Each structure stands twice: as C-alpha cells, then as structure tokens.
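Reading through the structure tokens given below for one structure.
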Amino acid sequence: MKNNKKINCQSLETAMVNSIKNEQNQVSLKDTPFYPLAFHTDMPENIDFDNGHVSFRFHDFNIKGLDTLELNSELCKADKNKLHIALRWNDISMKAKYEVKASYASKINMDTGGNMQELDESYARDAGGTDNGINPLSPAEIDTMVNQARDQKEPINGTYHGPTMMASYYKNNESYNSVFCVSGRLRGLWSNGGVTAQMSRDTSSALDTSASINGNTYSNGLTYNANAFQQQINVSIALYTLANTYPQGSALYQQYMTAASDSSNFSTNVQTLGNDSQNIPSMTGTDVYGVLNDKSKSPQITTTENFINNMNQANGDESTSAGADEEAAKNGWRILGEQERRDIRERMFLFREELMAEKSNHFDLLWNGDCHAELRGAEATMTLTYNEEKAVWKITESNVKFPAFAVEVDDSMWTGNIADIVRERLASMHFVKSLLQNKIQSSIQKVTEKVILQTLATPGIAQ
C-alpha cells in the first residue's frame, strides 16, 4: 500500500450496528437431533408403555442482541495494509423451543438382519452396555478432560500433520454426535465393559504425568490401540448404515457418508503415521507430537469411493462379491479378507436392524416448552488485509469467544420421578452444551465477518 488506511472507528461502529440489525434475522441454527437422556426408564401413567428411552431436542432457535456490539477503540488499529478490529456484545440472547419425548424400548437379541441366530453377547447388550464394575466418568473428570482437550488443540494444530487430522474431526463433529444419538448399539459398543472410561482416564493421567498413553491392556483382553481401532470401525460402519437410510445423493446421505469415510480415513492416517493395532510402540504425549510433526511420513488418503467399495466387498463373501473385488483390483485398492468381511457385515446387520426398529417405534411427547440463554460478554477479534490492486479487504484471522452460559429450560410443568431424572441428565450434558456453544459461536462469527466486509466497502469508512 502506498499509504496507511485510516479508519473512522465511530463511523465503522455505527455502520456495523445498522447492518447487523438486518443480518441477525439471517442467523440460522439447525434444529438439533434428539439427544438421549435416559434408557430403560419407568414411564408415567399417562404414557401407553411402561418402559422406554427418554430423549431431548432444541428447535426453532432465535438469536437477538447482535446490534448491541461496541468497538473497542483502544484495540482497533490500522497498520499499513492490515486492520485489527476488536469488538464486544453487551447483551446477546438466544431463545428456542424444546421437546422431551419417550420411545418404547425393548431388548433385541436376535440377528434378524443376518442368519436369525442369537447375537454374540458382546454385540447384544442394551444401550450403554455393562460397565464391568468400572465407575463412569464423573462430571469433575469430564470437565478436566474437556479442558485438557482444549489445551491440546493449539499445539496439535501447530504440528505438520495435526491440522489435517483436526480439520477432519471438526468437519464431521455434528455427524458423529448424530450417530451416537440415534444408535443405542453404538453407544453400547462404545461404553461396554467400562473400557472407554478406563482409556479416557489413562490418556488424561498420561498427559499430566508424561507417562505412556497406550501401554495398558484392558478388561476385554485388548490393548489401548486395539480398542481404539475397534471403536473407529464401529463409528465408520454406524455412519455408513445411517447414510444409507437416506436417498443416495441427498444432503444427509452425503453428510453421513463423508463422515463415515473420514472416520475410516482418520484411522488409516494414524496407522500410516506408525501406530496401529499390531505395531504398538509405547508413546507419551511428547512422542505423539513428534510423530505428528514428522514430515517424512505421508498419510494415506482413503477416498469415499474406496471406503464404499470396502463396504460393498463386505456385503458378500469372497465368492459372491466379484464385482466389488474387481473394482478394488482395478483401482489398486485393498481386497478384504474373509474375516474382515464377516466382522464388517455383522456390524452392518446390527446397526441396520436397530435403525429399522427405531423407525417403527412408537413415541410419546412428554413435555415441550420454551428455553433461553443470556450470552453477555461475548467478544470478537479480527484481522483484515487490504489488497490495493483488487481494492478489497480480506479476513485473515477471526476469533469469537463466549463466556460460559447456561440454557434455562422452562420445566414448570414437569412432574414425577422421570422429571427428576431428566433434570439431572440435562445438567450433566457437557458435550451437548459444548456443541451448542460452538454452533452459536460459528453462526455469529459468520454473520459478523459478512457485516465487517460489507461495512468496510462502504465509502468513507476506510480511507
């Protein structure tokens, strides 16, 4: 730039407030899926069945108060071709509706999608699975682990391979959440035997003490790595099965199939970086960062087409899947062995059976009503660069932060023992609260970025 841009902060703030008044009505938050709250719960007398699962969802979101923004003039400055903007909102509020529903629950212990034999015990447990005497994670433990995960995010993204793996996870976060919400079997496989809780504790402790993360063998006889890869397979196949409940080419089919493939791809990347279910070097947190920063290693990318081919191979045995095998050979993809096909096929049958049963399940609405949250003290910082040749501003850094907030639910009409259970479970839904906060932050960040760019393009604001 020939000269520094001069910014009229007062004019910028006034123009942004006027613009965001119109844009805040365009802030769109998708209705959430039904989140599971409690399983195999006694129903109140007004419900037609005695035993059921209880779930909860938010819908019809409405965000107000974006026009209460103020620029922090002390932190707003122009530096050659860059502009740094800091702003805060005094009073953002969210309003929404909620629903609590109950669905009839019965235990399915026969593989009606396969050979009608009784399912192996490890696959036939009720949602949640047995804990094998292992105490579930306490709210305090969960809070500690959530904070640890946040602390690890920045250093992981600072490694060579970290951003690719983190981007894949966050891109599909909503899909992962959805499949765990709709699949009791996946939740059961995930928590069965208390192994996942044990692994979580070991990981958390190792990060605090610099001990080995993956050196233990658990109550199911499998190592840390072997359990991790088994769970990765479970998530991939559950997502694949969920995707195929929608028409091919539809938005939800694409969303869940991409997440299924990426989940499988995440596992492949970890293996090609030198850590798989067979090759088990003992690794501390420092070792993990070293591997992620090793530029000599090149992760293999499993395409969605390759992943679907693997599933097509599994849908038949080695004598009946010639078409899928031929496609794999033609493209240089791996041809699965018979045991792999059988393992994948067994999981497919189980997840398909569950989803088919879920579609025919009767459910009753327990309660519905209003909810709201006050989001006071939100802040944003953004850095923009001006392109003299094109005469346009471009956002190069953007960050929106929210303080902790609580969603207040109108539960004045809730009565009975089940009401106490729902209140308790809602209070401890840490992941859902985090997911909801991320959705709100992301939506507000997008509309704020749009407004800033529109405002800076207005004559007289930046000279």
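The values are calculated or read from the model by the stated rules, or taken from the named source; none is laboratory data. For clarity, every value in this text was computed on a predicted model and none was experimentally measured. Don't worry about glycine lacking a Cβ; one is built from the backbone with ideal geometry, like all the others, and counts go over all protein chains shown. Heads up: the accessible areas ignore ligands, DNA and RNA and are worked out on the full protein's heavy atoms, side chains in. Shrake-Rupley method; radii C 1.70, N 1.55, O 1.52, S 1.80 Å.
In order along segment 191-197, the phi-based Karplus estimate (6.51 cos²θ - 1.76 cosθ + 1.60, θ = phi - 60°) of 3J(HN,Hα) comes to 9, 4, x, x, 5, 4, 4 Hz; Gly and Pro are listed as x.
For the chain, calculate the relative contact order in percent as a whole number, restricting contacts to Cα pairs under 8 Å that are 6 or more residues apart. Could the numbers behind the result be given before it?
Details: 713 pairs, mean separation 101.2, N = 463.
Value for the chain: 22 percent.
For the residue pairs LYS64/LYS433; LYS30/LYS297; LYS95/LYS390; LYS21/LYS394; LYS390/LYS439; LYS101/LYS433, the alpha carbons lie more than 30 Å apart in LYS30/LYS297; LYS95/LYS390; LYS390/LYS439.
What part of the accessible area of the chain, given as a whole %, is carbon or sulfur when the probe is 1.4 angstrom?
Of all accessible area on the chain, carbon and sulfur atoms account for 47 percent.
With respect to the chain, whose longest principal axis is taken over its alpha-carbon atoms, helix 162-171 is tilted by about 80°. When Kirkwood radius over Cα pairs in Å is calculated for this entry, the matching label among [x] 25.2; [y] 23.5; [z] 22.7 is [x]. Residue by residue, segment 208-213 carries 3J(HN,Hα) couplings of 7, 10, 6, 7, 5, 7 Hz when phi is fed to the Karplus relation 6.51 cos²θ - 1.76 cosθ + 1.60 (θ = phi - 60°); x denotes Gly or Pro. When each of the peptides 406-414, 232-240 is scored by how many other beta carbons lie within 10 Å of its residues on average, the order from highest to lowest is 232-240, 406-414.
For the peptides 364-372, 145-153, the ranking by mean Cβ contacts within 10 Å, running from highest to lowest, is 364-372, 145-153.
Would you mind putting 441-450, 242-251, 174-183 in packing order, based on average other-beta-carbon counts within 10 Å, highest first?
On the way: 441-450: 17.6, 242-251: 14.3, 174-183: 20.2.
The most tightly packed comes first, giving 174-183, 441-450, 242-251.
Here the Karplus relation 6.51 cos²θ - 1.76 cosθ + 1.60, evaluated at θ = phi - 60°, turns the backbone of segment 221-229 into coupling constants of x, 9, 6, 3, 4, 4, 5, 4, 6 Hz, with x for every Gly and Pro. With the cut-off at under 12 Å, measuring from each backbone N in segment 432-463 to a point 7 Å along the Cα-to-Cβ line of SER398 picks out 442-454.
Counting only DSSP H runs of at least 4 residues, each contributing -39500 (n - 2.57), and dividing by the residue count of the chain, the helix-based mean residue ellipticity at 222 nm comes to -15000 deg cm²/dmol. A 1.4 Å probe run over the protein chains yields, for the chain, 52 Å² of accessible area per residue, whole-number rounding.
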